[in-house]
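Shown next, in structure tokens, is the structure this report addresses.
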Protein chains: 2
Amino acid sequence: MSTQNGPRKAEAIFAATLELLAEHGYDRLAIEAVAARSGVNKTTLYRWWPSKDALLAAALRDSGLFALDVPDTGSLRGDLLAVAAHILRLLTSERTSPAVIATLAAGPHRPELGEVARSFFADRMAREQPIFERAAARGELRDGVDPVVLMDLLAGAIWFRILLRGGEADPKFLEEAVDTVLGGAA
Amino acid sequence: MSTQNGPRKAEAIFAATLELLAEHGYDRLAIEAVAARSGVNKTTLYRWWPSKDALLAAALRDSGLFALDVPDTGSLRGDLLAVAAHILRLLTSERTSPAVIATLAAGPHRPELGEVARSFFADRMAREQPIFERAAARGELRDGVDPVVLMDLLAGAIWFRILLRGGEADPKFLEEAVDTVLGGAA
């Protein structure tokens, strides 16, 4: 939550940004409309976020809607299952998936959105780091395994299954994905 | 290659379809333009593919540009490395990535494209099946591991790294992803 680093109505502004993104798509997302819906002056918005992309990046990263409560279940498997369930919710819940999909859909034509995605995933990875530090301390992570590669595999599997393969990702799938990535397929 | 199941100029038609898709995007891809560029009568196109989506699905699945020579290197690790390198090429090569990205970008707004993607990935999975049958026969695949989940993890990691995290996917990354999914992170 970045309310310490933004205007007091940051959460309302982020919510309006994500709603308008979902309703109209990235190309027609306008700062004026965000101002109107959140009841904040346009100049206030520009003071904090100099561009639409800066505002969108902040909304995706800091909105409570997307907030990741970093799990601490006592085991790497439990923590990864909780993170996997969180990713699945973001990709399928009515309140978040339209914004995720609108960002993804605009991305390939809008190189500047690549920066928004990079910033979002870099922030996520930084927040997830304690999961892997605790796992390493408990001896649950094999030496030489890169947590970023592990998250590419796990998060990638869920994105791939839902958005590309058009499959279901029920709790059983999440368990299979986590257990395969932890225990190995060989 | 579906030249047995399509007109003799199928490969030229598929190439024109993928080029025009990359140039104009999905929404402005027109069968008339495919006909003009491939030198095939429009009615011939409609006889084989009753809709734009049917033509696009066939082009993605059967064009030589996307063809997967199913590897048979003698080991599951070798086969997966070859498949991973193939996926990386599709996502990064100048000749294929624009078509992949245009399909992906249109997908979320065009539910009918979901069917195109599902058909593409179902066809891929069917072609990759022998890799896992040979691996199982060699005792290289742990009992109970679902090859579809394994491919969600591996293909997902490459898509995620390239298109979302905005990272590099060099041969070292492919090796790490394959070795983590085979040997396990725990």
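The values are calculated or read from the model by the stated rules, or taken from the named source; none is laboratory data. Bear in mind that the values here come from a model prediction, so they are computed numbers and not experimental data. Quick reminder, even Gly has a Cβ in these numbers, built from the backbone with ideal geometry, and neighbours come from all protein chains shown.
Within region A:149-164, the set of residues being under 14 Å from the mean Cα position of the chain (by Cα) and not aliphatic (A, V, I, L, M) comprises A:ASP152, A:GLY156, A:TRP159. Pairing residues of region A:137-150 that are within 16 Å of A:ASP72 (Cα to Cα) and facing another protein chain (nearest Cβ under 8 Å) with residues that are of a type in the set (A, V, I, L, M) and crowded, with 16+ Cβ neighbours inside 10 Å, at Cβ distances under 6 Å and at least 6 apart in sequence or on separate chains, gives A:GLU140/A:LEU76; A:GLU140/B:ALA186; A:LEU141/A:ALA135. For region B:174-186, the tally of residues that are facing chain A (nearest Cβ under 7 Å), in contact with a helix residue (DSSP H, G or I) (Cβ under 9 Å, 6 or more places away or on another chain) and assigned to a helix (DSSP H, G or I) stands at 5.
Suppose the filter is touching a residue at least 40 places away in the same chain (Cβ under 8 Å), in contact with a Phe, Trp or Tyr (Cβ under 9 Å, 6 or more places away or on another chain) and closer than 20 Å to B:ILE162 by Cβ; does B:ALA99 pass it? Yes: the conditions hold for B:ALA99.
Residue-by-condition table, conditions (1) outside the structural domain of B:PHE120 (by TED's automatic domain parsing); (2) surrounded by 16 or more Cβ atoms within 10 Å (Cβ to Cβ); (3) more than 21 Å from B:PRO98 (Cβ to Cβ):
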position: B:GLU19; (1), (2), (3): yes, yes, no
position: B:GLU23; (1), (2), (3): yes, no, no
position: B:VAL34; (1), (2), (3): yes, yes, no
position: B:VAL40; (1), (2), (3): yes, yes, yes
position: B:THR43; (1), (2), (3): yes, no, yes
position: B:TYR46; (1), (2), (3): yes, no, yes
position: B:PRO50; (1), (2), (3): yes, no, yes
position: B:LEU55; (1), (2), (3): yes, yes, no
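When you check A:GLU140 against the structure, is it part of a helix (DSSP H, G or I) and either surrounded by 15 or more Cβ atoms within 10 Å (Cβ to Cβ) or of a type in the set (Lys, Arg) (or both), yes or no?
Numbers: part of a helix (DSSP H, G or I): no; either surrounded by 15 or more Cβ atoms within 10 Å (Cβ to Cβ) or of a type in the set (Lys, Arg) (or both): yes.
Criteria not met by A:GLU140.
The lone criterion from (1) in contact (Cβ under 8 Å) with a residue 60 or more places away in the chain; (2) within 23 Å of A:LEU104 (Cβ to Cβ) left unmet by B:SER93 is number (1).
Inspect all residues belonging to region B:43-56 and state whether any of them is within 30 Å of B:VAL178 (Cβ to Cβ) and of a type outside the set (S, T, N, Q).
Within region B:43-56, none of the residues are within 30 Å of B:VAL178 (Cβ to Cβ) and of a type outside the set (S, T, N, Q).
Please tell me if B:LEU104 is within 8 Å of chain A (Cβ to nearest Cβ) and more than 15 Å from the chain's Cα centre (by Cα). In short, no. In region B:109-136, the qualifying residues are those that are under 24 Å from B:SER93 (Cβ atoms) and at the interface with another protein chain (Cβ under 7 Å from one of its Cβ atoms), and the one that is surrounded by the fewest Cβ atoms within 10 Å (Cβ to Cβ) is B:ARG118.
Can you tell me which residue in region B:152-168 is farthest from B:LEU91 (Cα to Cα), limited to those that are within 9 Å of chain A (Cβ to nearest Cβ) and in contact (Cβ under 8 Å) with a residue 60 or more places away in the chain? Of everything passing the filter in region B:152-168, B:LEU154 is farthest from B:LEU91 (Cα to Cα). For B:ALA30, state whether it is under 21 Å from the mean Cα position of the chain (by Cα), outside the structural domain of B:ARG110 (by TED's automatic domain parsing) and of a type in the set (A, V, I, L, M). Spelling it out, it is not the case that B:ALA30 is under 21 Å from the mean Cα position of the chain (by Cα), outside the structural domain of B:ARG110 (by TED's automatic domain parsing) and of a type in the set (A, V, I, L, M). Here B:GLU94 meets the list (1) within 13 Å of chain A (Cβ to nearest Cβ); (2) modelled with pLDDT under 85; (3) farther than 24 Å from A:SER97 by Cα almost entirely, failing just condition (1).
On the given criteria, is B:ALA15 among the aliphatic types (A, V, I, L, M), crowded, with 20+ Cβ neighbours inside 10 Å and in contact with a Ser or Thr (Cβ under 7 Å, 6 or more places away or on another chain)? No; evaluated as a whole, the condition is false for this residue.
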